[in-house]
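Peer 1: The structure under discussion is supplied below as structure tokens; questions concerning it will follow.
A short reminder: the numbers here are calculations on the coordinates, not readings from a lab. Quick caveat, the model's predicted, so the values are computed rather than measured. Note: ideal-geometry Cβ built from the backbone for every residue, glycine included; neighbour counts use all protein chains shown.
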2 protein chains.
Amino acid sequence: MAWNLDGSRPIYLQLVEEIRRRIVTGEYPPGSHIPSVRDFATQASVNPNTMQRALTELERTQLIENQRTNGRTVTEDAAMIERERRMIAEQELKACLIRMQKLGISPEELIEMIRESGKEKEN
Amino acid sequence: MAWNLDGSRPIYLQLVEEIRRRIVTGEYPPGSHIPSVRDFATQASVNPNTMQRALTELERTQLIENQRTNGRTVTEDAAMIERERRMIAEQELKACLIRMQKLGISPEELIEMIRESGKEKEN
DNA sequence: ATTATTGTATTAAGCAACTAATACAGTAAT
DNA sequence: ATTACTGTATTAGTTGCTTAATACAATAAT
């Protein structure tokens, strides 16, 4: 329900990522209708034009299909959705590893840091 | 030597991060002079105003000190620099964990992914 | 003293993202 | 047929980032 938009990057890109996230996590199931441009814009408190741009952009990934005057639906291809989810995760990981390497932190050290951060929950 | 600036975010922020990275990795040692605004701007192929903004911004972190008309120097406080390095790393990790969690990936799974990505080097 | 270099400030211009307010065409529902 | 909803397009105005071209004061070097 939360869009969590910030001014650090173009809003339409953040919209793309948030909607994509909802799709790959099953929040918007395969084949289901997603809200209309106007509804989406209202929900996210952005201009309809900006949401339109985000949805058009998202269409290029084939995750959503344009039903002309009947709105847009999530693709039926569940395997493709799962593939997308893994791809996003691997891109995130790769970016994280690079940023860490630039700070002089190896993958092994990163694993150790993750373990450490897990322990802190017990406070 | 590479600045690797892209248009995805404000350039002055990318400059702040790159210079900060060079400091915490020892590329610019404690107490040393960093290049002048104009030199830095030339190196990074940006406008002096943009570099000025980045350096002013970076000053707030205390990592660099303003010597008035004698340029800027990296702080002598090596412990503080190391502290900064760890803080950046932990922020990166935290952000990564959150993004992964949003994709339905647990810290344990993330560790597994890191191990997997390490194996792929042997191709 | 003069010169060069430092940081800093100012003004103007351009650009991309975003908002705003409409308008239009197609289709589903009634 | 009419109504209400879809996506789409257009035009205009605002804002923040960036570049550009200077200018100024303070200091280091000579």
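Peer 1: Using the Cα centre as the reference, give the magnitude of the dipole from point charges on the C-beta atoms of chain A (Lys, Arg: +1; Asp, Glu: -1; all else neutral), rounded to the nearest 20 debye. Intermediate results must be reported in sequence, preceding the final value.
Peer 2: Working: 18 positive and 20 negative charges, 75 e Å.
The calculated dipole for chain A is roughly 360 debye.
Peer 1: Also: Towards the positive end of the charge dipole of region B:79-122, with charges on Cβ (+1 Lys, Arg; -1 Asp, Glu), say which of B:Gln101, B:Ala89, B:Met113 has the farthest Cα.
Peer 2: Selected residue: B:Ala89.
Peer 1: Let me ask something else. Show the residues, 5+ positions off or on another chain, whose built amide H is closer than 5 Å to the amide H of B:Arg72.
Peer 2: Answer set, sorted by chain and number: B:Ile34, B:Gln67.
Peer 1: Determine the relative contact order of chain B: mean sequence separation of Cα pairs under 8 Å and six or more apart, normalised by residue count, in whole percent.
Peer 2: 22 percent
Peer 1: Now a separate question. Work out Dmax and Rg for region B:11-76 from the C-alpha atoms and quote the Rg first, both in angstrom.
Peer 2: 10.6, 29
Peer 1: Taking the inverse of the average 1/r across all pairs of different Cα atoms in region A:57-123, what Kirkwood radius in Å do you get?
Peer 2: For region A:57-123, the Kirkwood estimate is 15.1 Å.
Peer 1: Counting Lys and Arg as +1 and Asp and Glu as -1, each charge on the Cβ, what is the dipole of region B:79-122 about the Cα centre in debye, to the nearest 20?
Peer 2: 180 debye
Peer 1: Below 16 Å Cα-Cα, how many Lys pairs turn up in the protein assembly as shown? Only count pairs eight or more apart in sequence, or on different chains, if you could.
Peer 2: Going through the protein assembly as shown pair by pair, I get 7.
Peer 1: Further, regarding this structure: Which whole number in µm²/s is D for the protein assembly as shown by Stokes-Einstein, with the Kirkwood Rh taken over Cα pairs at 37 °C and 0.692 mPa s? Could the numbers behind the result be given before it?
Peer 2: Numbers: Rh = 20.9 Å.
After rounding, the answer is 157 µm²/s.
Peer 1: Something else now. List the distances, in nm and shortest first, from the label point of A:Asn47 to the matching label points in every other copy, placing each point 7 Å from Cα along the Cα-to-Cβ direction.
Peer 2: Shortest to longest, the spacings are 2.3 nm.
Peer 1: Something else now. Just the projected area, averaged over all directions, of the convex hull on the alpha carbon atoms of chain B: how many nm²?
Peer 2: So the mean shadow area of the Cα hull is 9.9 nm².
Peer 1: Continuing with this model, one more query. For the Cα atoms of chain B, what angle does the longest principal axis make with the long axis of helix B:107-119, in degrees from 0 to 90, nearest 10?
Peer 2: Around 80 degrees separate the two axes.
Peer 1: In which sequence would B:Arg60, B:Arg20, A:Arg83, A:Arg68 go, from the one with the fewest C-beta neighbours within 10 Å to the one with the most?
Peer 2: Neighbour counts put them in this order, fewest first: A:Arg68, B:Arg60, A:Arg83, B:Arg20.
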